[in-house]
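The values are calculated or read from the model by the stated rules, or taken from the named source; none is laboratory data. Quick caveat: nothing in here was measured; it's all calculated off a predicted structure. Reconstructed Cβ throughout: ideal geometry from the backbone, glycine too, with neighbour counts over all protein chains shown.
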Amino acid sequence: MTLIAARPGPGTARPYRFPAVVRRTVAGGQVVAAHLPGQNLAVALLLLDAGAGREPVGKEGVGGVLAKALEEGTAQRDATTYALAVEGLGTELVTGLDWDSFQVSVQVPVDRLTAAVELLAEAVRTPRLDPADVRRVRDDEATALRMDWANPGPRADAALRADLFGVENRWGRPMYGDPDSVAGLDVDDVTVFHSEWFIRPGTLVVAGDLDRIDLDALGAAAFAGTGGGPVERGGPIEVPLREQRRIILVDRPGSVQSTLRLGHPAPHRAHPDHVPMTLAGTVLGGAFTSRLNHLIREVRGYTYGIRGEFGTSRRFGRFMVSSGVQTAVTAPALVEAVGEITRTQVGGVTEDELAVARSWRAGQLSVELQSPRSIASALTTLVVHDLPDDYHARLRADLLAADVEQVSAAAAAHLHPEALTLVVEGDAAVIRDELTAAGLAPLADPTS
Amino acid sequence: MPDSGYPWPIETTRLDNGLRVVVSEDRTAPAVAVNLWYDVGSRHEPAGQSGFAHLFEHLMFEGSVNVAKTEHMKLIQGAGGSLNATTNPDRTNYFETVPAEHLELALWLEADRMGGLVPALTQETLDNQRDVVKNERRQRYENVPYGDAWLRLLPMLYPPGHPYHHATIGSMADLNAADLATFQAFHQTYYAPNNAVLTVVGDAPAAEVFALADKYFGALPARADIPPAPDGRTVTPTGQPVRETVTADVPAPRVYVAHRTYPFGSPGYDVATVLATVLGSGRGSRLYQRLADGERIAQPDLVGAYGVDLAHAPAPLIATATARPGVTAERLAEGLAEVVDELATVPVTAAELDRAKALLSTSWWRQMATVDGRADTLGRYATQFGDPATAGERLPALLAVTAEQIAEAAAEVLGAADRATLSYLPEETA
């Protein structure tokens with residue numbers, strides 16, 4: 001035999017180290033930076049308290065329209081000139097939002113970072129927002145959402161979110177809005193959202209070689225002309241669990257797969273069980289080696305992949321499983337998925353599984369935190385959730401210290417298989433009877 | 001900026017069995033990337049076996065002589081690592097990034113599946129992964145609007161028998177017909193040390209990696225007669241444009257315009273890369289400026305152009321746009337064709353060229369920002385061009401491209417007679 005049978009053990013680990021974090025107050029705003037010596041690329045990301053959670057009910061998607069409108073010209077230059085200036089530095093203006101924040105960032109070779117941040121600030125603080133442009137951008141965004149919603153997934157996501165959190169609440173509606181909510185926005189919605197949330201200084205996150213970066217100059221550029229202080233962000237929202245499991249069927253005629261979204265409300269990000277909950281989610285569905293993927297993909301062959309995780313934001317959270325399964329096996333896949341969630345809630349995790357989950361989550365803190373972009377994202381977590389500079393090192397220690405009892409207790413407390421909403425987006429004519437016969441839950445009218 | 005696109009050390013060796021080993025040490029972070037390029041892809045598949053190289057990639061995670069089914073993933077994730085593999089027409093790559101103390105584990109796992117897959121391969125595993133791949137096909141190509149565009153474009157660009165004629169995902173019929181013996185033979189034919197490059201980048205010294213490579217891979221036998229893929233370097237133009245119109249359940253008309261350019265790695269492909277960026281990357285690109293902003297016939301988020309970096313035949317360049325409401329596919333196709341045609345007649349300005357090069361520089365350094373990105377790059381250059389150090393020449397070569405070269409390339413390969421146009425029409429307007 002030419003192979004070596006004995007599996008090698010690990011060598012000596014070097015100590016874990018998150019890049020040194022620098023915090024500074026400049027020109028009325030906060031700068032939070034990480035030092036990446038030798039990196040040729042740098043990222044600067046302006047973090048504003050203007051996430052989807054700040055959008056009024058009925059105005060879903062206004063942040064997305066504003067994000068696009070920022071690039072339609074500024075007080076100083078028209079859209080084309082602006083695009084050529086930004087892209088001439090080697091970056092595009094990357095915008096994004098989640099429930100807790102709005103982010104706009106640039107990524108450039110380090111010697112161009114100040115120029116890029118100046119352009120970023122110009123768009124964020126002094127966009128032209130010409131009414132005709134805003135209307136056109138709104139129409140384009142509505143069209144873009146219509147395109148996106150033609151894919152499997154968005155309609156199922158929306159049905160689940162509405163069922164979990166209630167459509168009367170902003171957080172019960174899609175994070176990016178839907179085609180109709182965006183089409184219904186007017187120019188004032190956009191300009192008011194800008195004046196309310198985009199003039200406050202916010203936080204500038206920087207990841208790069210700080211020996212070659214002038215943080216004061218970056219802060220001065222990012223916060224010039226800003227005003228207004230932070231606004232109360234609101235506490236955790238209590239979301240009741242359903243008393244009974246239910247199935248919501250979203251029709252997609254002719255679909256060769258059924259898109260599954262299974263979920264229930266779960267604790268918010270600052271909950272003390274965050275670490276054991278994350279690990280319980282990892283064992284159940286958060287990794288390729290998890291229970292769900294093993295059974296539904298590797299044993300049954302029903303899917304290309306299935307994931308399940310706790311997702312948390314500042315004010316609320318949820319547990320969700322998502323997958324696409326072949327139409328013919330929709331019901332058995334659902335039965336088996338609910339079975340694994342139940343087994344995990346009732347029986348907890350094993351030491352063998354937890355060993356993989358905790359090592360994986362801990363190892364990811366070095367393996368996946370290499371690039372300026374990923375480090376900037378990690379810094380963003382510190383800012384949004386008010387975490388200390390040594391958070392990642394502490395998180396790593398907490399992950400590695402979590403034991404079977406703690407993680408099993410978190411699974412028992414925070415998984416609720418009996419309260420699951422099972423959203424199935426697929427060919428209703430083909431799967432409806434089978435879903436009913438499976439006896440998992442009654443079929444609900446999605447509007448009730 | 002450095003003069004080279006690869007300002008890190010590179011050391012190489014070749015084991016007696018032909019395995020090339022590339023090491024680039026960087027102790028910045030305590031992580032190490034292990035990457036294997038096997039010089040086999042869907043271009044090697046004979047008729048009736050489409051999709052086999054990719055299905056085989058799946059089987060590589062399902063156990064080998066000393067590694068139980070699904071244990072590969074468990075061991076890498078249990079070490080804190082990330083892993084994956086991809087197959088394309090040219091090659092198959094396998095890669096994991098692990099905390100540096102687990103380097104030896106990663107090498108052991110890769111050696112075990114290079115040298116010991118066949119005895120562990122069962123009919124049950126094949127049947128399971130065949131189902132997984134068929135679901136991958138449904139999820140990525142069949143169940144999404146426009147999902148089959150790539151499957152349609154390839155046969156429009158490359159004639160029957162050409163190694164790029166069929167798509168890597170394969171056909172359902174061929175996947176259904178796959179039998180165990182074929183896969184056993186596939187491994188024995190292509191998964192030999194002399195058909196692979198092992199690259200290790202990160203927190204590991206070259207001498208240590210070379211010794212470990214020899215320990216784990218050194219005794220695996222070379223294979224003398226690895227059959228080459230069919231030669232696809234010359235594609236004779238028909239002199240006739242190709243058009244295909246698909247009426248499908250799509251939300252808006254969409255048009256793809258595709259051309260064969262030059263093989264990845266050639267000077268011509270460098271020109272095509274800059275050209276594609278001028279044409280279709282970003283809001284300052286010609287397609288955005290003309291079709292999304294100027295005439296406003298294209299949706300701004302869905303207009304663009306890109307090259308597909310295949311190395312063994314003239315590689316595709318694809319430009320695409322999706323219609324704004326009320327705009328027909330014909331109008332959009334005309335607009336796309338006009339902008340592509342003008343690359344030969346309207347000189348690229350200095351500002352356009354600078355913009356494209358700045359974007360390409362950032363893109364290059366983004367790939368170089370992680371040890372895994374570097375490892376895949378070095379593995380590619382070692383496999384396709386025989387020397388990983390040539391990776392450092394790519395960025396300078398891109399930055400040296402001139403406006404004249406772009407106009408010449410456009411005149412040579414983007415002519416209307418060599419154009420493939422694929423249009424999608426929504427069902428209700430058909």
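Give the residues of the range B:244-262 that are surrounded by fewer than 19 Cβ atoms within 10 Å (Cβ to Cβ) and either in contact with a Gly (Cβ under 8 Å, 6 or more places away or on another chain) or closer than 29 Å to B:Leu378 by Cα (or both), sorted by residue number. The answer is B:Asp249, and nothing else. B:Tyr164 meets all of the listed conditions (1) away from chain A (no Cβ under 14 Å); (2) without any contact (Cβ under 8 Å) to a residue 40 or more places away in the chain; (3) in contact with a Leu (Cβ under 8 Å, 6 or more places away or on another chain) but one, namely (2). Step by step: first the residues of the range B:287-304, then only those that are touching a Leu at 6+ places or on another chain (Cβ under 7 Å) and surrounded by fewer than 24 Cβ atoms within 10 Å (Cβ to Cβ), then the one that is farthest from B:Val348 (Cα to Cα). Which residue is that? Filtering the range B:287-304 for residues that are touching a Leu at 6+ places or on another chain (Cβ under 7 Å) and surrounded by fewer than 24 Cβ atoms within 10 Å (Cβ to Cβ), the one farthest from B:Val348 (Cα to Cα) comes out as B:Ile297.
Taking the range B:135-145 as the range and being facing another protein chain (nearest Cβ under 7 Å) and part of a helix (DSSP H, G or I) as the test, the residues that pass are B:Asn135, B:Glu136, B:Arg138, B:Gln139, B:Glu142. A:Ala287 meets the conditions (1) closer than 26 Å to A:Glu418 by Cβ; (2) more than 8 Å from every other protein chain (Cβ to nearest Cβ); (3) aliphatic (A, V, I, L, M) in every case but one. The failed one is (2). Listed by first and then second residue, the pairs with beta-carbon distance under 7 Å, at least 6 apart or on different chains, first residue in the range B:120-149 and assigned by TED's automatic domain parsing to the domain that holds B:Tyr256, second part of a helix (DSSP H, G or I) and surrounded by fewer than 22 Cβ atoms within 10 Å (Cβ to Cβ), form an empty list. The helices (runs of 4 or more DSSP H) falling completely within the range B:346-420 that include 3 or more residues that are touching a residue at least 12 places away in the same chain (Cβ under 8 Å), surrounded by fewer than 20 Cβ atoms within 10 Å (Cβ to Cβ) and away from chain A (no Cβ under 14 Å) map to B:391-399, B:403-413. What number goes with the only condition from (1) farther than 18 Å from B:Thr87 by Cα; (2) within 21 Å of the chain's Cα centre (by Cα); (3) assigned to a loop (DSSP other than H, G, I, E, B); (4) away from chain A (no Cβ under 14 Å) that B:Met156 does not pass? Unmet for B:Met156, out of (1) farther than 18 Å from B:Thr87 by Cα; (2) within 21 Å of the chain's Cα centre (by Cα); (3) assigned to a loop (DSSP other than H, G, I, E, B); (4) away from chain A (no Cβ under 14 Å): (3).
May I ask you to list the residues in the range B:89-110 that are farther than 17 Å from A:Pro10 by Cα and hydrophobic (A, V, I, L, M, F, W, C)? It would help to see each step written out before you state the result.
Pass one, the range B:89-110, residues farther than 17 Å from A:Pro10 by Cα: B:89-95.
Selection gives B:Phe95 alone.
Does A:Val94 fit the bill of being of a type in the set (Val, Ile, Thr), in the same structural domain as A:Ser195 (by TED's automatic domain parsing), touching a strand residue (DSSP E or B) at 6+ places or on another chain (Cβ under 7 Å) and in contact (Cβ under 8 Å) with a residue 60 or more places away in the chain? No: the conditions fail for A:Val94.
Looking only at the range B:304-326, residues that are within 11 Å of chain A (Cβ to nearest Cβ) and β-branched (Val, Ile, Thr) come to 1 in all.
In the set B:Trp37, B:Trp8, only one residue is out of contact with any Pro (no Cβ under 8 Å at 6 or more places or on another chain), assigned to a loop (DSSP other than H, G, I, E, B) and hydrophobic (A, V, I, L, M, F, W, C); that residue is B:Trp8.
Before we move on, is A:Ala437 more than 14 Å from every other protein chain (Cβ to nearest Cβ), surrounded by fewer than 19 Cβ atoms within 10 Å (Cβ to Cβ) and within 19 Å of A:Glu309 (Cβ to Cβ)? So A:Ala437 fails the test.
Residue count for the range B:118-134 satisfying the condition of being facing chain A (nearest Cβ under 10 Å), of a type outside the set (Val, Ile, Thr) and within 26 Å of the chain's Cα centre (by Cα): 5.
Quick one: which residue in B:Val21, B:Val32 is touching a strand residue (DSSP E or B) at 6+ places or on another chain (Cβ under 6 Å), crowded, with 17+ Cβ neighbours inside 10 Å and more than 10 Å from chain A (Cβ to nearest Cβ)?
B:Val21
The sole residue among B:Glu101, B:Glu96, B:Glu110, B:Glu57 that is assigned by TED's automatic domain parsing to the domain that holds B:Gln184, more than 22 Å from the chain's Cα centre (by Cα) and either touching a residue at least 12 places away in the same chain (Cβ under 8 Å) or not in a loop (DSSP other than H, G, I, E, B) (or both) is B:Glu101.
Restricting attention to the range B:78-107 and to residues that are out of contact with any strand residue (DSSP E or B) (no Cβ under 9 Å at 6 or more places or on another chain) and surrounded by 22 or more Cβ atoms within 10 Å (Cβ to Cβ), the residue that is farthest from the other protein chains (Cβ to nearest Cβ) turns out to be B:Asp90.
Note on the range A:243-327: enclosed strands (runs of 3 or more DSSP E) holding 1 or more residues that are under 22 Å from the mean Cα position of the chain (by Cα) and in contact (Cβ under 8 Å) with a residue 40 or more places away in the chain are A:257-266, A:303-312, A:317-326. The conditions of being within 30 Å of A:Gln39 (Cα to Cα) and either aromatic (Phe, Trp, Tyr) or away from chain B (no Cβ under 14 Å) (or both) are met by A:Pro388. The condition (being of a type outside the set (Asp, Glu) and out of contact with any Asp or Glu (no Cβ under 9 Å at 6 or more places or on another chain)) is satisfied by just one residue among B:Gly41, B:Gly81, B:Gly48, B:Gly116: B:Gly116.
Taking the conditions exactly as written (closer than 25 Å to A:Gly426 by Cβ and of a type in the set (D, E, K, R)), does A:Glu351 satisfy them or not? So A:Glu351 does not fit the description; no.
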